[in-house]
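Q: I'd like to ask you about the structure that follows.
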Amino acid sequence: MTTFESETASAITPPAIGRQGLQGLERSCGDHIRTATPLPGIERMEAWFQGNAFELHRHDTYAVGVTLGGVQSFHYRGAMRSSLPGQIVVLHPDEVHDGGAGTEAGLHYRILYLEPSLLLRGLGEGATALPFLRQSVFSDPALRQDILTLLGPLDRGLEELASDDLIARLAQGLARHAGQPLKPLGSLAWRQVDRVRDYLEAHALEAVRSEVLEEIAGLDRYALSRHFRAAFATSPHRFLLMRRLSQARGLIAAGEPLAEVAAATGFADQSHLTRHFKKAYGLTPGRWAGLVETGRQRPAAA
């Protein structure tokens, strides 16, 4: 495993599914893919293979991926391209390409297929052109992290609010690399985002739908994401997640079992709670519970 792979493996679990050229993946017992349940307008795939995997083909979507191990080589726009671990690959709709491992070490990558309409909506009201990137392979650590987050986790899918924010960020990132001017945010919609924040506070333990927030704010989900982040330096999904974690922390401090805490605060299970708790607070729920209990016992011992 490369250094980049070890760094990303701890931050995100595998993604998902593509559409064309899967025949080549059957040629070797080491070749395989992992797939995720499709989201509206999004398909996701993670793949490992040796040699050539896909013959020349094209899709009607954007293909946006990250090379995790080996060298990813492919013909695209009349030339051979190569992507190294950590680099981003962007293929435009209707562009003919193939794909395979550029060395005997094999190839490992994650990729998502996005309907162009999602990217256009993510660019905001008034956007009339999709991002056109002259470079199909490039490096951008911040954008790479957004892509990897959108690509996972495979086993639980991706919450709708998180997907909305990440698509908006991805659209902005691709437009930036395309040299496409972005429309200024304009006057911050304070009244609308305040209403949304109040709703998220009051309904933190519920499954909040994007359509509900759109109705509350009077903004589409991608505009809401941009205005909310500008106002509160975080996304609606992250804000909701932190409210859940705050309540979970209180229940843990009260001595509630972790599995029951996870169920009570909107997490799929204890491991789901643990993963987000550690990312937010830097320690596991079990460690937090132990520290709280030790703190209770100290005054009595003294």
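Q: Only one of these is open to solvent by 50 Å² or more (accessible area, probe 1.4 Å) and small (Gly, Ala, Ser): SER117, SER163, SER136. Name it.
A: Within the list SER117, SER163, SER136, the selection yields SER117.
Q: Looking only at the range 34-70, which residues are of a type in the set (A, V, I, L, M), over 14 Å from SER136 (Cβ atoms) and open to solvent by less than 30 Å² (accessible area, probe 1.4 Å)?
A: Within the range 34-70, ALA36, ILE42, MET45, ALA47, ALA53, LEU68 meet the criteria.
Every residue, every condition in (1) closer than 21 Å to MET242 by Cα; (2) without any contact (Cβ under 8 Å) to a residue 60 or more places away in the chain, yes or no:
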| position | (1), (2) |
| --- | --- |
| LEU161 | yes, no |
| GLN172 | no, yes |
| PRO181 | no, yes |
| ALA207 | yes, yes |
| GLU214 | yes, yes |
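Q: Related question: Please go through the range 232-256 and pick out each residue that is assigned to a helix (DSSP H, G or I), open to solvent by 20 Å² or more (accessible area, probe 1.4 Å), more than 14 Å from LEU200 (Cα to Cα) and hydrophobic (A, V, I, L, M, F, W, C).
A: LEU251, ALA253
Q: Is it fair to say ALA79 is farther than 30 Å from PHE267 by Cβ, surrounded by fewer than 19 Cβ atoms within 10 Å (Cβ to Cβ), touching a residue at least 40 places away in the same chain (Cβ under 8 Å) and out of contact with any strand residue (DSSP E or B) (no Cβ under 9 Å at 6 or more places or on another chain)?
A: So ALA79 fails the test.
Q: Can you pull out the residues in the range 257-275 that are closer than 16 Å to LEU205 by Cβ, open to solvent by 30 Å² or more (accessible area, probe 1.4 Å) and either touching a residue at least 12 places away in the same chain (Cβ under 8 Å) or within 22 Å of the chain's Cα centre (by Cα) (or both)?
A: Passing the criteria: ALA264, GLY266, ALA268, ASP269.
Q: Which of the residues spanning the range 198-248 are modelled with pLDDT under 90 and among the hydroxyl-bearing types (Ser, Thr, Tyr)?
A: Once the filter is applied, which keeps residues that are modelled with pLDDT under 90 and among the hydroxyl-bearing types (Ser, Thr, Tyr), the range 198-248 yields TYR222, SER225, THR234, SER235, SER246.
Q: Among LEU219, LEU174, which is the only one that is open to solvent by less than 50 Å² (accessible area, probe 1.4 Å), of a type in the set (A, V, I, L, M) and touching a His at 6+ places or on another chain (Cβ under 9 Å)?
A: LEU219
The values are calculated or read from the model by the stated rules, or taken from the named source; none is laboratory data. No experiment lies behind these values; they were computed from the predicted model shown. Every residue, glycine among them, receives a Cβ derived from its backbone with ideal geometry; neighbour counts consider all protein chains shown. These area figures cover heavy atoms from the full protein model, side chains too; ligands, DNA and RNA do not enter into them. Shrake-Rupley method; radii C 1.70, N 1.55, O 1.52, S 1.80 Å.
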